[in-house]
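The values are calculated or read from the model by the stated rules, or taken from the named source; none is laboratory data. Quantities reported herein were computed from a predicted structural model and do not represent experimental measurements. Using ideal geometry, Cβ is built from the backbone for each residue, glycine included, and neighbour counts are taken over all protein chains shown.
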Protein chains: 2
Amino acid sequence: MATYKIQGWGYEEESLTADENRDLEAFWGPHLGVDGFEATPFVTLDEIDLRAPRVTPPASLAALCTDDRRERVVHTYGCSFRDNVRAFARDFSNPPDWVAYPKTEDDVRALLDWCAGAGIAAVPYGGGTSVVDGANMPAGERAGAVSIDLQHLDRVLEVDTTSRAARIQGGAKGPALEAELKPHGLSLRHYMQSFALSTFGGWIATRSSGHFATVYTHIDDMIESIRTVTPAGVMESRRLPGSGAGPSPDRLVMGSEGTLGIITEAWTRLHARPVHRASASVRFADFYKAAEAIRAVAQAGLYPANCRLIDGNETRMSGASPEGESLMVLTFESAHHAVDHWLDLALECCADLGGIAEREGDEETRRGGQAGRWRDYFIRAPYYREFFTARGILNETFETAITWDRFPDFHATVMTEAAAAIREVTGMDGFLSCRFTHAYPDGPAPYFTWRTLGRKDALIEQYDAIKAATAETVNRLGGTVTHHHAVGRLHRPWYDKQRPDLFAAAYRGAKRDLDPQGIMNPGVLVDVE
Amino acid sequence: MATYKIQGWGYEEESLTADENRDLEAFWGPHLGVDGFEATPFVTLDEIDLRAPRVTPPASLAALCTDDRRERVVHTYGCSFRDNVRAFARDFSNPPDWVAYPKTEDDVRALLDWCAGAGIAAVPYGGGTSVVDGANMPAGERAGAVSIDLQHLDRVLEVDTTSRAARIQGGAKGPALEAELKPHGLSLRHYMQSFALSTFGGWIATRSSGHFATVYTHIDDMIESIRTVTPAGVMESRRLPGSGAGPSPDRLVMGSEGTLGIITEAWTRLHARPVHRASASVRFADFYKAAEAIRAVAQAGLYPANCRLIDGNETRMSGASPEGESLMVLTFESAHHAVDHWLDLALECCADLGGIAEREGDEETRRGGQAGRWRDYFIRAPYYREFFTARGILNETFETAITWDRFPDFHATVMTEAAAAIREVTGMDGFLSCRFTHAYPDGPAPYFTWRTLGRKDALIEQYDAIKAATAETVNRLGGTVTHHHAVGRLHRPWYDKQRPDLFAAAYRGAKRDLDPQGIMNPGVLVDVE
């Protein structure tokens, strides 16, 4: 099994190349007014002061648990900006006491029994890709904290080709589960930036959204049933294509972010692997016209597989459009029928709003086209964080959703207020862009990216000030604090304002019964005493 | 406002005609071996013994509440078979003490405050169409029970034509809300058999499913946000096109069947009114081949608006196919583009499996065709219950959902065991049929209908025995106890087996915080002490 880096995104052998670093410096130096960056070196293991474990697992669990120094360091942080800064600062002051690797569901039960009995925080760990401090150890005094890494629960257990569904373990990562499904001609096709690292159970726990821009977007809509190990026992829903029998048990677990238990397996719907494909990129001089075109396509009932919008700031920066046009990426796919007619109809919607389409030909053309250049950037983007942070560049993305009627004002205000916050905190104009990751008939999911030069000795304070400003704006204007990044500990202050107080009360009520000792991922979503 | 009948489906002026009664007798007499039915007369108001109200509302609520005899009788029962039998038996022994008609949300809050303070059961009443004893007064000793009829909260409060959404009050009935949406070119298009009577809030509370056979089927997927008055206060979620911020608050309320509070309003997505339409009926000699064709269409990603299957027993009985062929009703609709190509592709799926298609022409042809004959039957069917019950004919439908891999065995076993139960209880072969009301990519929602001659002095006992047998079979084979009829009090024994025990614990935990006195629709979904 590949080894995670002790800091940053991905595995040991996977970082930015020297060429990439050079190109990024050449681009961002002039942009941020920096002549020659000084990069803080990556942390090395021997630089880290690590607190001794506060607890010792019982003998029966010793074989599942490790207090290996490197393992504890790797499991201290996810991939949030604050995680990244702390790692560069050699601050690993709140590591897990132990890292546990359950091999079976019984192992998970035994681990939770231990934690519940001893008042130890149990923090589920999927791929360690949380950008919202969702898999960190909780702050504050407590008996101990264990990071439960589910990477050995990684199997596709059953494939039902008739119903197009599979039973998959919670720790299965994207590439592995797709490899197991491929011989059956099936695919979950739930692709997001963290696809290579993040896990099926993590997707469910955080309500992730994937490849599809419309209809079957959120993992929520793909799930037939979930099996969750809670401190109170196993909760398993019935596998069904649809039901109206009371509130959905699955919808309580979806988005629970490890606060109720650990998802050991679930049945998910699958797609037949597409064999027909039609794709185009559509350029718009005006961003709001492009947004109107996205709305028209989303409301036409055509259900494109991909329907994204990238604004001029982002296309210019990524090289997709040096002129800074807005770019729509539009794709139809099917395992059943040719989809050119669908693309024709969608492009009519775009033409009505001034969009200039470049229809893509074969795979070769696609990879080389504007959309292809943007896609390459998309896949490498998570690695950029370590480049930026090492050089004192504040960098973050935040994603939301809003209905169409409010979108133009919402977008304009978020852009204005985010830019103002960046200027106020750093004294300079930062980079700021917006894309749509998903488009619903009733509204888009806008995704904002910002970067600006910070002060290396105050990165977290500066970041927190800008983050608070943008989250306050989004909250005030009626957006959601997160569309698919999850709440974690980062978004708690605004999540607490957004979700109904009585829902928090009800959720705490439910949690009292499933997790009576309050050991599951403390600090995420709700506080319990 | 039209006046409900004191017994049976719908309004006073809407019953079966003398011609319909005669035709039904002519059909069912020979079928059930009865030569001349004796019909129990409908109950009249003066025949009913009604317990005196056990409580008195405070003066501040007196104007909202009535103990009018007729009102209390009307609100004693919904439209289940057991309701119908009890009404024919002149048994109104558990009526509401009062019927309340809140005119505003503040009225709803005040009513729940009264009930919570006095330990009075509060039972929300939408259109009174529950077929699962969901709006009856709870059994057992208690201080009192109030039926809260939401018919005055019937407004469309706001229409957002840009996002295609509307904010609608919980008591709005289908025809009225559609009439308000029509001038905007929009429609909820959530049509079910009870459409004329049932309410928007009731649809949400029971997770109803409507017109669409695929994709946007369940009301669940249409809702942007919900406002619920609970005994603990108002819970309102944020209006969003999509979100990943923790578990969905709305999904806790959907399916709560009045046990957490009263839905006073919600934002719902809408559809543009369709202008393009293509429809066909497809005949199959073999039911399982027809089911395969439904699966092929559901998995092709074509998203028909209607994709139903009616078995030979039902087509023969309804007159849609005297030869008893299985009939698929297939419709594509769009506000945006012609849909003939979609129908062509779907009919190819059907032809591959031996289906013989009759493509429908204009509206005239449609109404007269096989599918049209079946649709007329579908709309009148709820009125048949009073015909049957009055003549001692046991009659019921039960609906479920199951994945495709299990469907053929499931169907065969349910048909065999239901037939056996009917024979065992009544000593005769009954009528038994199956249709699909909805088709998901991973499985159908089969809907079974049965009718057989019972003994007028033992209808409920006979019914309960057959109901228990069919529900046990469905439960044992992995189906859901209800796809869209709801749980109510009727389905409790099997719902309790189906839903995870820990979910019941969690739900009770949530309910403790929202409804601390346990006054909301007691006996539905969970028991609380």
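Give me a count of the residues in region A:292-309 that are among the hydrophobic types (A, V, I, L, M, F, W, C) and within 17 Å of A:Gly210 (Cα to Cα).
Number satisfying all stated conditions: 4.
Away from chain A (no Cβ under 12 Å) and within 17 Å of the chain's Cα centre (by Cα), is that true of B:Phe448? In short, yes.
Residues of region A:493-529 that are free of Cβ contacts under 8 Å to residues at least 12 places away in the same chain and either at the interface with chain B (Cβ under 7 Å from one of its Cβ atoms) or outside any helix (DSSP H, G or I) (or both): A:Arg499, A:Pro500, A:Leu502, A:Phe503, A:Ala505, A:Ala506, A:Gly509, A:Gly518, A:Asp527, A:Glu529. Residue count for region A:247-304, restricted to those that are over 26 Å from A:Met328 (Cβ atoms), in a loop (DSSP other than H, G, I, E, B) and charged (D, E, K, R): 1. Within the span defined as region B:273-282, one or more residues are within 19 Å of B:Ala445 (Cβ to Cβ), more than 11 Å from every other protein chain (Cβ to nearest Cβ) and touching a strand residue (DSSP E or B) at 6+ places or on another chain (Cβ under 9 Å).
The rows are residues; the columns are (1) assigned to a helix (DSSP H, G or I); (2) under 17 Å from B:Thr389 (Cα atoms); (3) not aromatic (Phe, Trp, Tyr).
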site: B:Asp19; (1), (2), (3): yes, no, yes
site: B:Ala26; (1), (2), (3): yes, yes, yes
site: B:Gly29; (1), (2), (3): yes, yes, yes
site: B:Asp35; (1), (2), (3): no, yes, yes
site: B:Asp46; (1), (2), (3): yes, no, yes
site: B:Val55; (1), (2), (3): no, no, yes
site: B:Ala62; (1), (2), (3): yes, no, yes
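Return a yes/no flag: does region B:137-146 have any residue that is within 14 Å of another protein chain (Cβ to nearest Cβ) and either free of Cβ contacts under 8 Å to residues at least 24 places away in the same chain or not acidic (Asp, Glu) (or both). No, that holds for no residue. Can you tell me which residue is nearest to A:Arg308 (Cα to Cα) among those in region A:440-477 that are assigned to a loop (DSSP other than H, G, I, E, B) and touching a helix residue (DSSP H, G or I) at 6+ places or on another chain (Cβ under 6 Å)? Selected residue: A:Pro441.
Give the residues of region B:238-260 that are on the phi < 0 side of the Ramachandran plot and more than 7 Å from chain A (Cβ to nearest Cβ), sorted by residue number. Hits for region B:238-260 are B:Asp250, B:Val253, B:Thr259, B:Leu260.
Within region A:147-186, being within 23 Å of the chain's Cα centre (by Cα), buried (at least 24 other Cβ atoms within 10 Å of the Cβ) and within 14 Å of chain B (Cβ to nearest Cβ) holds for one residue alone: A:Ala166. Inclusion of B:Ser208 among residues that are farther than 19 Å from B:Glu105 by Cα and among the polar types (S, T, N, Q) is warranted.
The set of residues in region A:225-237 that are within 16 Å of A:Lys511 (Cβ to Cβ) and either facing chain B (nearest Cβ under 7 Å) or without any contact (Cβ under 8 Å) to a residue 60 or more places away in the chain (or both) comprises A:Thr228, A:Thr230, A:Ala232, A:Gly233, A:Met235. Could you tell me which of the residues B:Ala18, B:Ala62, B:Ala26 is of a type in the set (Gly, Ala, Ser) and at pLDDT 95 or above? Unique residue meeting the criteria: B:Ala62.
Before we move on, is A:Leu343 farther than 19 Å from A:Trp404 by Cα, modelled with pLDDT of 95 or more and not polar (S, T, N, Q)? Criteria met by A:Leu343. Go through the residues of region B:416-434 one by one and say whether even a single one is outside any strand (DSSP E or B) and within 14 Å of chain A (Cβ to nearest Cβ). No, there is no match, as no residue in region B:416-434 is outside any strand (DSSP E or B) and within 14 Å of chain A (Cβ to nearest Cβ). Mind listing just one residue for me: the one in region A:464-492 that is within 15 Å of A:Ala135 (Cβ to Cβ) and within 11 Å of chain B (Cβ to nearest Cβ) and, of those, farthest from the chain's Cα centre (by Cα)? Within region A:464-492, the match that is farthest from the chain's Cα centre (by Cα) is A:Arg492. Taking region A:306-334 only, how many residues are touching a Pro at 6+ places or on another chain (Cβ under 8 Å) and either assigned to a strand (DSSP E or B) or at positive phi (or both)? The qualifying residues number 6. Identify all residues within region B:153-166 that are closer than 18 Å to A:Phe407 by Cβ and of a type outside the set (A, V, I, L, M, F, W, C); write none if there are none. Within region B:153-166, B:Glu158, B:Asp160, B:Thr161, B:Thr162, B:Ser163, B:Arg164 qualify. Considered as a group, the residues in region A:20-44 that are more than 12 Å from A:Ile393 (Cβ to Cβ) and under 27 Å from the mean Cα position of the chain (by Cα) include one that is surrounded by the fewest Cβ atoms within 10 Å (Cβ to Cβ), and that residue is A:Pro41. For region A:354-381, the set of residues classified as under 19 Å from A:Pro274 (Cα atoms), of a type in the set (Lys, Arg) and at pLDDT 75 or above consists of A:Arg359 only. In region B:67-95, the residues that are of a type in the set (Ser, Thr, Tyr) reach residues that are assigned to a helix (DSSP H, G or I) with C-beta atoms within less than 7 angstrom, at least six apart or across chains, in these pairs: B:Tyr77/B:Asp83; B:Tyr77/B:Arg86; B:Tyr77/B:Ala87.
Just one residue in the set B:Gly201, B:Gly244 is small (Gly, Ala, Ser) and assigned to a helix (DSSP H, G or I); that residue is B:Gly201.
Of these, A:Arg227, A:Arg283, which one is in the same structural domain as A:Thr437 (by TED's automatic domain parsing), surrounded by fewer than 24 Cβ atoms within 10 Å (Cβ to Cβ), touching an Asp or Glu at 6+ places or on another chain (Cβ under 6 Å) and at pLDDT 95 or above?
The conditions single out A:Arg283.
From the list A:Gly312, A:Gly319, A:Gly354, the one residue that fits, being in the same structural domain as A:Tyr440 (by TED's automatic domain parsing) and more than 27 Å from the chain's Cα centre (by Cα), is A:Gly354. Pairs meeting the criteria (first residue in region B:17-38 and closer than 20 Å to B:Asp457 by Cβ, second residue of a type in the set (S, T, N, Q), beta carbons under 8 Å, at least 6 apart or on different chains) are B:Leu32/B:Thr452. Screening region B:206-224 for residues that are at the interface with chain A (Cβ under 10 Å from one of its Cβ atoms) and outside any loop (DSSP other than H, G, I, E, B) and picking the one that is nearest to the chain's Cα centre (by Cα) gives B:Ser209.
Among the conditions (1) crowded, with 24+ Cβ neighbours inside 10 Å; (2) more than 14 Å from chain B (Cβ to nearest Cβ); (3) not basic (Lys, Arg), the only one that A:Met317 does not satisfy is (1).
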